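Quick notes on the structure that follows.
The values are calculated or read from the model by the stated rules, or taken from the named source; none is laboratory data. The model shown is predicted, which means the values in this text are computed figures rather than measured ones. With ideal geometry, Cβ positions are generated from the backbone for all residues, glycine too; neighbour counts draw on all protein chains shown.
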Amino acid sequence: MTFSPAQRLLGAAALALTSILTSPVARAQSPAPATIMVQVNKPGAAVPKKMYGLFFEDINFAADGGLYPELVKNKSFEYDDHLIGWKAIKGAAGLESYLVSNDRPISNANSHFLRLSAKTAGSDAGFVNEGFRGMGVKEGAEYIFSIYARKGGGGVSGLTVTLEDGGRALAQGQIMGLTGEWKKYTVVMKPSATAAKARLKLTMDGAGAVDLDVVSLFPKDTWLKRENGLRPDIVQLLKDMKPGFLRFPGGCIVEGMTLDNRYQWKETIGDVASRQPMINRWNKEFKHRYTPDYYQSFGLGFFEYFQLSEDIGAEPLPILNVGMACQYNSAELAPVSSASKGPNAPALADEPTLDTFIQDALDLVEFANGPATSTWGAKRVAMGHPTPFNLKMIGIGNEQWGPQYLERYEPFARALKAKYPNIQLVSSAGPSPDGANFDLATKRMRELNAEYIDEHYYAKPEWFRQNVGRYDNYPRTGSKIFAGEYAAQSAGIASQENKNNWDCALSEAAFMTGLERNADVVAMASYAPMLAHVDAWQWTPNLIWFDNLNAYGTVNYYVQQLFSQNKGTTVLPVQLPGGAKNGTDNLFASAVADDAAGDLVVKLVNYSSAPRAVQVSLAGAKKLGKSGRALVMAADDLNTQNSLKEPRKLVPQEANFVVKGSTVSYTLAPNSLTVLRVPGRR
């Protein structure tokens, strides 16, 4: 059932006071309720502290244009097409000429700039920047405009900086005192109105020539008010998940279409203005979502990823290239060693071998954990983080497969373990959850005692319900499973018609009860992808959607949040009616003890269009309270979705329920996920 708008407006506090007879999430009991036995007195495995986490990849404009809030696209004119994002203003007294030059640049790392020339003074001699599908600015908020400029010949006295929306000026500032040398100038812009698709206009004051570079418009309101900080509404959604880990930077971004296009973490740290942008491997992947303007500025780099992990209380999980480009694209391989190229092969200084990738991994551990006296630890300290990031895990490759992966993984793993024996390794089982390559990788990784085997599955919703018992018969010892990427696909894998609807989210919830019941096997799990811009996506579905001003959690997000916020500390065995398997008759269940909170937590999924009465027996529980708290998501229509217009159309609702003795009688709403929290101990 769905909740009425009036009930949603009541909020959690009001719902908690609602009578059990009138509550929208608890109905009159059916004549023959299904009995569910939770064996509180026979606790199972500990629930891993990092059980539920987050997967970040720069797809769907997740970084530039999203989590990283720089508003200027191609701020340093370093994209392959140097004027992507920029357009000259045409007018009667406009520009005489313009060009992208590398004559005496700011630095070798920032070698291109824009040179403007005007014969006569005019208000339309300049350029505009379109931002990332526009620029989202808020009335009264402050934005720091900065630019490096250098005066050429003539009488140019300065620049006029204008934020405009549809020809209407929202804010304006002046840059004065230009000299013949590069100098940084700043001005605070304060828009007079909110606009989702504003643009930035730069015009010359006077005739002559001027050189421009590193043009930035950055909000003052960032997460924790940091300079070069992150977008606070998105970070808040991530923090509210209470994630156990943050995986970054991907995903296929790690591999690149070619090895030259791979993610190289060392290029993403240090001075932000000196980080070299690179074309995003997702820009041309899908013809139906062709985005040639999609680049990575690396303003959000590895230092910022580690810092974000720390901010949201998640363990960092960096994934590194293993010497393989994406096997779906070029499938380019780095030689396992220079000797493998043959004795007469010329040595190419810029051609990486596997040793290059291994050294990058070793240096990353030093960057994250090393002392200030170490080479890479000193770089972390110089960036403002004197204490280590406490890195504990590294992923070797994204979702590579086959013998070529295994022959690179093994020396990579040996080298890491030799120098850093306490670093845990995440290994790939490939892009599919079954098949010959999956079996080959799984067998070998278990022989090598890999700590985590990364399994991925994108499939129809019914696959998730049918595979809820996937891990019931996995080995209980040895390598643990990382469910590293998964999401139900309503239309088909990579289809642009996929929706973040309740059918997918509820099916994922059913599957997650199987993950939780097998927490001794499954140590980590994350939905993927995490972020998507509504006007600039390549892949759907996604966990969180946003535009230039607002962000919202999908129904899938709130399912993930319910599991993560209620993961508990210890698995409790659950028996369904008649000893049925989890999922029989579309009833799914798992249970945990939350020893820290002093609660017993039961998660129930009713994938049925009818209400279902249950009796939950908490066998062997101690000191049960007389009432409990229910958190419920339910919708009659399985196509229900949240949106920018209705961001909380379907979110968890809260109510109290009565506990009699050691039994909870409850009626599950149709098409529902219900989390029951009962005060009590094992």
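Odds and ends about this structure:
- Asp363 fulfils the conditions (1) in contact with a strand residue (DSSP E or B) (Cβ under 6 Å, 6 or more places away or on another chain); (2) farther than 16 Å from Pro335 by Cα except for a single criterion, (1).
- Search result, residues across segment 280-322 that are basic (Lys, Arg) and in contact (Cβ under 8 Å) with a residue 60 or more places away in the chain: Arg289
- Answer residue from segment 338-353, given it is closer than 19 Å to Glu267 by Cβ and not β-branched (Val, Ile, Thr) and is modelled with the lowest pLDDT among those: Ala349
- Residue match in segment 222-234 (condition: buried (at least 16 other Cβ atoms within 10 Å of the Cβ) and of a type in the set (Val, Ile, Thr)): yes
- Filtered residue count, segment 493-550, keeping only those that are within 18 Å of Pro433 (Cα to Cα) and touching a Gly at 6+ places or on another chain (Cβ under 8 Å): 7
- Enumeration of residues in segment 508-545 that are of a type in the set (Val, Ile, Thr) and in a strand (DSSP E or B): Val522, Ile544
- Residues considered: Ala536, Ala510. Of these, the only one that is assigned by TED's automatic domain parsing to the domain that holds Phe412, touching a Phe, Trp or Tyr at 6+ places or on another chain (Cβ under 7 Å) and surrounded by 23 or more Cβ atoms within 10 Å (Cβ to Cβ) is Ala510.
- Answer residue from segment 315-333, given it is out of contact with any helix residue (DSSP H, G or I) (no Cβ under 7 Å at 6 or more places or on another chain) and more than 18 Å from Leu300 (Cα to Cα) and is surrounded by the fewest Cβ atoms within 10 Å (Cβ to Cβ) among those: Tyr328
- A single entry from Val254, Val215, Val210 fulfils the requirement of being surrounded by 22 or more Cβ atoms within 10 Å (Cβ to Cβ), of a type outside the set (Phe, Trp, Tyr), in a loop (DSSP other than H, G, I, E, B) and modelled with pLDDT of 95 or more: Val254.
Residues checked against (1) farther than 22 Å from Asn542 by Cα; (2) of a type outside the set (Lys, Arg); (3) surrounded by 23 or more Cβ atoms within 10 Å (Cβ to Cβ); (4) within 26 Å of the chain's Cα centre (by Cα):
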| residue | (1), (2), (3), (4) |
| --- | --- |
| Arg408 | yes, no, yes, no |
| Ala418 | yes, yes, no, no |
| Gln424 | yes, yes, no, yes |
| Gly430 | no, yes, yes, yes |
| Ala436 | yes, yes, no, no |
| Glu447 | yes, yes, no, no |
| Glu451 | yes, yes, no, yes |
| His456 | no, yes, no, yes |
| Asn467 | no, yes, no, yes |
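- Note on segment 34-46: residues that are surrounded by fewer than 24 Cβ atoms within 10 Å (Cβ to Cβ) and assigned to a loop (DSSP other than H, G, I, E, B) total 5.
- Considering (1) over 26 Å from Gly395 (Cβ atoms); (2) in contact with a Leu (Cβ under 9 Å, 6 or more places away or on another chain), the lone condition that Gly430 does not fulfil carries the number (1).
- Residue tally, condition part of a loop (DSSP other than H, G, I, E, B), over 32 Å from the mean Cα position of the chain (by Cα), over 20 Å from Ile84 (Cα atoms) and of a type in the set (A, V, I, L, M, F, W, C), over segment 111-166: 2
- Residue match in segment 68-79 (condition: β-branched (Val, Ile, Thr) and under 27 Å from Leu308 (Cα atoms)): yes
- Within the option set Gly370, Gly377, being under 13 Å from Tyr420 (Cβ atoms), at pLDDT 95 or above and in contact with a Gly (Cβ under 6 Å, 6 or more places away or on another chain) holds for one residue only, Gly370.
- Here Thr640 fulfils each of the conditions (1) surrounded by 16 or more Cβ atoms within 10 Å (Cβ to Cβ); (2) closer than 18 Å to Ala589 by Cα; (3) not aromatic (Phe, Trp, Tyr) apart from (2).
- Some residue of segment 189-197 being under 30 Å from Leu99 (Cβ atoms), in contact with a strand residue (DSSP E or B) (Cβ under 8 Å, 6 or more places away or on another chain) and in a strand (DSSP E or B): yes
- When each of Asp260, Asp213 is tested for being of a type in the set (D, E, K, R), in the same structural domain as Asp103 (by TED's automatic domain parsing) and over 23 Å from Pro529 (Cβ atoms), the lone residue that passes is Asp213.
- Evaluating Ser192 against the criteria (1) touching a residue at least 40 places away in the same chain (Cβ under 8 Å); (2) buried (at least 16 other Cβ atoms within 10 Å of the Cβ) leaves one unmet condition, (2).
- Condition check for Asn110: touching a residue at least 40 places away in the same chain (Cβ under 8 Å), under 30 Å from Asp233 (Cα atoms) and not assigned by TED's automatic domain parsing to the domain that holds Arg231: no
- Of the residues making up segment 280-304, those that are among the hydroxyl-bearing types (Ser, Thr, Tyr) and surrounded by fewer than 24 Cβ atoms within 10 Å (Cβ to Cβ) number 3.
Table: residues versus (1) in contact with a Lys or Arg (Cβ under 9 Å, 6 or more places away or on another chain); (2) surrounded by 21 or more Cβ atoms within 10 Å (Cβ to Cβ); (3) at pLDDT 95 or above; (4) in a strand (DSSP E or B).
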{"site": "Val25", "(1), (2), (3), (4)": "no, yes, no, no"}
{"site": "Ser30", "(1), (2), (3), (4)": "yes, no, no, no"}
{"site": "Glu57", "(1), (2), (3), (4)": "yes, yes, yes, no"}
{"site": "Glu78", "(1), (2), (3), (4)": "no, yes, yes, no"}
{"site": "Ala92", "(1), (2), (3), (4)": "no, no, no, no"}
{"site": "Leu99", "(1), (2), (3), (4)": "yes, no, yes, yes"}
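- The condition of being surrounded by fewer than 18 Cβ atoms within 10 Å (Cβ to Cβ) and assigned by TED's automatic domain parsing to the domain that holds Asp58 holds for only one of Gln307, Gln276, that being Gln276.
- Entry remark, segment 546-556: residues being assigned to a loop (DSSP other than H, G, I, E, B) and either closer than 28 Å to Pro33 by Cβ or hydroxyl-bearing (Ser, Thr, Tyr) (or both) number 1 in total.
- The set of residues in segment 590-645 being modelled with pLDDT of 95 or more, of a type in the set (Lys, Arg) and closer than 14 Å to Leu572 by Cβ consists of Lys603 alone.
- Count - residues of segment 143-189 that are among the hydroxyl-bearing types (Ser, Thr, Tyr), free of Cβ contacts under 8 Å to residues at least 60 places away in the same chain and surrounded by 14 or more Cβ atoms within 10 Å (Cβ to Cβ): 4
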